[in-house]
C-alpha cells in the first residue's frame, strides 16, 4: 500500500508540472522575442498548450488508478483530490517563483497552512 501511495503522489507531481506548463508557460513565452510567440493566433496557443497537457493526462490518469482504493490503492477519491490540489498549488508556487520571479508573501504561507489542514482533516478518521 505504501508503495502505491508514493507512486500515485509522484505521478501527481509529474502530471502537475506538465499541467502548470500547459496553463502558464505560454504567458512567459510571449516575452521571448526570438520565437515571436505573442504573434501566434490564440488557437495555435491552445493547441500548443493541449500538446503539453497530453503528457499531464499520461501521468494523472495512472496516478488516480494506482492511488484509488477501489483499485487496491490507499486513497479514497476525496483524499486523491485533496492531495492533487496541494501538489498543484506547490508546483504552481515554485513555477511562479522560478519562471515569473514572483515573491512568496505571508498570505501565501497562510493559504498553504490551510491546505495542509485540509489534508489533515480529509485523512482524519
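Anything in the range 91-106 that is within 23 Å of residue 59 (Cβ to Cβ) and either in contact with a helix residue (DSSP H, G or I) (Cβ under 6 Å, 6 or more places away or on another chain) or at pLDDT below 90 (or both)? List them, or say none.
91, 92, 95, 99
Scan the range 15-45 for residues that are part of a helix (DSSP H, G or I), without any contact (Cβ under 8 Å) to a residue 24 or more places away in the chain and surrounded by 14 or more Cβ atoms within 10 Å (Cβ to Cβ) and jot them down.
Passing the criteria: 26, 29, 37, 45.
If you check 12, 6, which single one turns out to be touching a helix residue (DSSP H, G or I) at 6+ places or on another chain (Cβ under 8 Å) and either surrounded by fewer than 16 Cβ atoms within 10 Å (Cβ to Cβ) or closer than 26 Å to residue 117 by Cβ (or both)?
Answer to the selection: 12.
State all residues of the range 70-88 that are crowded, with 16+ Cβ neighbours inside 10 Å and assigned to a helix (DSSP H, G or I); if no residue qualifies, say none.
79, 80, 82, 83, 84, 86, 87, 88, listed by residue number.
Here's the yes/no breakdown for (1) in contact with a strand residue (DSSP E or B) (Cβ under 8 Å, 6 or more places away or on another chain); (2) under 30 Å from residue 125 (Cβ atoms):
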residue	(1), (2)
6	no, yes
31	no, no
43	no, no
56	no, no
77	yes, yes
93	no, yes
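The values are calculated or read from the model by the stated rules, or taken from the named source; none is laboratory data. Since we're looking at a predicted model, the values are computed, not measured. Here the Cβ is made from the backbone with ideal geometry for all residues, glycine too, and neighbour counts use every protein chain on show.
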